[in-house]
Amino acid sequence: MKKFFGIQVLRPAVFTLLIVSAVLFVITPFSCRLTEEEIEIFPADTKAPSVENFSVTGASRLLISCSEKIVLDEICVLELDEKADFSQAEFTREADENLFAVANAITYSESRKCAEIELSAPTQVGKSYVFSGVIYDTTGNSLDFSQKFFGYNENPARLIFNEVRTAYSKAKMAPEYVEFYVLKGGNTFGLEMVSAANGEGKKYAFPSIEVKKGELITLHGRIVEGSEGSAIDELGDELNLSLAPESSDSARDLWKAGDDKIASNNDVLLLRDGVSLEIKDALLLSASGKEAWSKKIMTEFAENAFNLGIWTGGCLPENAVCTDGMTSSLYRSISRQNTSEIAARYVDSTNLPDYIQTSPADWIVTDKYYSGKILVSGATPGYENSSNAYSAD
């Protein structure tokens, strides 16, 4: 009887449960779990997974991190035309003339929230691409995902600030400039120079250029009216293409678009990685008598450079290179004096530290002098720095 009684009681209960489950199935998405005690019914997750991070980790490797466990499908990479507007473009995973690569392999993390994708072809440094794919979670929700990215730089060049001129003359077609010395050969793509005086919106992003150790790179601050046709970016091996005033046949010339000052006498210049924002070099400039930086971003940049140990001695204007001698003279510049010493110390560029420490003691304001009747400028874009220090006397 006990057994019979149990069956009689269970049958209506199960029947009722099936009816309730059927109704729930029609009106509400659900999941169920059978335990030793009972059947639990609870609402299903109907929210698509979200992408928390997308990064390029190698020439053929991409990494995606999501909010929950994922499965990737229909992955492809398209090569993007440089003139294309990514925000307006439509991408399909069907046959496309711009199809560049597909997924060769996908490796999921233990949590299955991250996936590393190995592409069927390596990307080229500096080229524009679009990743496209479908991301599923474990309940079947999906997200169509597209992301623009640039080809990975597997051999980044190492540069340091070498010389700066803040003066500008439209009449003499001579813009400001910032010069860099190449400590380690490689590709410049991904590097950017930003002036705190100008702000983030006017930073300069280096194009993809293969440079050699020991090269000088002059970034001219603007293209002066009348020199538009001769101010040419030298992106290859030919270093005599630029014919604008102050171009050098023995160094690389680059030109910044726009009409804004590239550097000021009261400024903090950073050379950094454009993705990680890791600072590679810094230069603090200030006129004497200033107790604090005039802009919040100047304070931030100076403190970051000092806290990292790149700029030593302090992060206030009084700890910067004094620019009192930098008037409107085109014959003066702010010149690093220990470049050859640094180069000799790191002949083997594999021993380069993360950054080179520098301080105001490594820099001087140079000035012109006469060798006989010949005027020799203290500003030397594309050539070895002058050691003739400016004197107010």
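The values are calculated or read from the model by the stated rules, or taken from the named source; none is laboratory data. It should be emphasised that the depicted structure is a prediction, and the values quoted were computed from it without experimental measurement. Positions of Cβ are generated from backbone atoms using ideal geometry, with glycine treated the same way; all protein chains shown enter the neighbour counts. Just the protein is used for accessible areas: all its heavy atoms, side chains included, with ligands, DNA and RNA removed. Shrake-Rupley method; radii C 1.70, N 1.55, O 1.52, S 1.80 Å.
For the reader, a short list of remarks on this structure follows.
- Between residue 312 and residue 81, the FRET efficiency estimated from the beta carbon spacing at R0 = 35 angstrom works out to 0.15.
- Label-point separation in nm, residue 240 to residue 324, each point 7 Å along Cα→Cβ: 4.4 nm
- Within the straight-line cut-off of under 27 Å between alpha carbons, the lysines reachable from residue 184 are 127, 202, 203, 212, 213, 256, 280, sequence neighbours fewer than 8 places apart in one chain being disregarded.
- Normalised contact order of region 58-199, rounded percent, pairs of Cα under 8 Å and 6 or more residues apart: 24 percent
- Fraction of accessible area attributable to carbon and sulfur, region 214-266 (%, probe 1.4 Å): 48 percent
- Reachable aspartates and glutamates from residue 69, criterion Cα separation under 15 angstrom, eight or more residues apart if same chain: 45, 52, 110, 116, 137
- Restriction of the GluC sites (Glu not before Pro) in region 179-266 to DSSP coil positions whose beta-carbon has at most 14 other beta-carbons within 10 angstrom yields 225, 228, 238.
- Annotation for residue 260 and residue 277: the two label points, set 7 Å from Cα along the Cα-Cβ direction, are 1.7 nm apart.
- Taking θ as phi - 60° and the Karplus parameters 6.51, -1.76 and 1.60, the scalar couplings of region 128-136 work out to 9, 9, 10, 8, 9, x, 10, 10, 9 Hz in sequence order, x denoting glycine and proline.
- Residues whose amide H lies under 5 Å from that of residue 154, counting only those 5 or more places away or on a different chain, are absent; hydrogens are built 1.01 Å from N in the peptide plane.
- Calculated accessible area for region 114-155 comes out at 44 Å² per residue, all protein chains present (probe 1.4 Å; ligands, DNA, RNA ignored).
- In sequence order, calculated HN-Hα J values of region 191-206 (Karplus, 6.51, -1.76, 1.60; Hz; x Gly/Pro): 7, 8, 10, 10, 9, 5, 5, 8, x, 4, x, 10, 5, 10, 9, 5
- In a DSSP loop and with at most 10 other Cβ atoms within 10 Å, the GluC sites (Glu not before Pro) in region 278-354 are 291.
- Two-site label geometry, residue 57 and residue 146: point separation in nm, points 7 Å out along Cα→Cβ: 2.6 nm
- For residue 200 and residue 337, the difference between the fully extended length at 0.36 nm per residue and the C-alpha to C-alpha distance is 46.5 nm.
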